[in-house]
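**Student:** Okay, handing you the structure first.
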Amino acid sequence: MSSSEPCAHCPSRKDVKEDGEAVVVLNTHIKHPLQSRWVLWFYKNDKSKMWQDNLRIVTKFDTVEDFWALFDNMQPASKLSSGCDYAVFRDGIVPMWEDRRNKCGGRWLVTLSKQQRHSELDRFWLESLLCIIGEGFGSFSGDVCGAVINIRTKGDKIAVWTTNTENREAVIHIGRRYKEELNLPKKLVIGYQAHADTATKSNSITKNKFVV
């Protein structure tokens, strides 16, 4: 659409009276609301502080326009230093296992190689955000709590968190839809891990509860 075309959601710049006199009407920019309010969190690892003290709210948004204004002005995930996280969660849900909306849930996890940080990481993160804030999982969108990206030296991770591991139908649907939206190869398997299993693991590997 060219810049000269009127916006379908805004009043025209002029309203013409019957006598031909033009009356200028100010454009009113109408923002497009999201179904939920979302919160951007930032985590930076500082070993001198408690984990919770390293996690802070950056801002909240609840319109399409505010999301893009935020995304276009925030540091790309691929430029963050190792040990940093971004998290975007529904307002009222803290991105930690202990939150009441998360403690019985889990995450669909995508692990990326070091080489993918500069080729695919930012695209995957954006697609993840568009999936969650756009309620892109149909009738199961309400089961999604948020998304997290972890920047790590050994390899970055992106995950979509859901609220209940026992809601198998919702979890599988969300995983399949998420995989499609990231345009991942069908032969590439991604796994779903319960937070309870991750919290009590005895080694660096958490067993997948589901895979797609």
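The values are calculated or read from the model by the stated rules, or taken from the named source; none is laboratory data. Just so it is clear, the structure is predicted and the values come from calculations on it, not from any experiment. Ideal geometry is used to build each Cβ from the backbone, glycine not excepted, and the neighbour counts take in all protein chains shown. Accessible surface is based on the protein model in full, side chains and every heavy atom, while ligands, DNA and RNA are left aside. Shrake-Rupley method; radii C 1.70, N 1.55, O 1.52, S 1.80 Å.
**Student:** Quick one: would you say ASN208 is open to solvent by 20 Å² or more (accessible area, probe 1.4 Å), farther than 13 Å from THR111 by Cβ and either part of a helix (DSSP H, G or I) or in contact (Cβ under 8 Å) with a residue 12 or more places away in the chain (or both)?
**Tutor:** no
**Student:** Identify, please: which residue in region 123-146 is touching a Lys or Arg at 6+ places or on another chain (Cβ under 9 Å) and under 18 Å from TRP68 (Cα atoms) and is, among those, surrounded by the most Cβ atoms within 10 Å (Cβ to Cβ)?
**Tutor:** GLY146
**Student:** Is it true that some residue in region 95-109 is open to solvent by 50 Å² or more (accessible area, probe 1.4 Å), under 17 Å from the mean Cα position of the chain (by Cα) and over 21 Å from TRP51 (Cα atoms)?
**Tutor:** no
**Student:** Quick check on region 54-92: of everything there that is of a type outside the set (D, E, K, R) and in a loop (DSSP other than H, G, I, E, B), which residue is nearest to LYS31 (Cα to Cα)?
**Tutor:** The qualifying residue nearest to LYS31 (Cα to Cα) is MET74.
**Student:** Are any residues in region 173-205 under 18 Å from the mean Cα position of the chain (by Cα), assigned to a helix (DSSP H, G or I) and of a type in the set (Val, Ile, Thr), and if so, which ones?
**Tutor:** Residue satisfying the conditions is ILE174 alone.
**Student:** Please indicate, with yes or no, whether at least one residue in region 191-202 is open to solvent by 60 Å² or more (accessible area, probe 1.4 Å), touching a Gly at 6+ places or on another chain (Cβ under 8 Å) and within 19 Å of PHE124 (Cα to Cα).
**Tutor:** no
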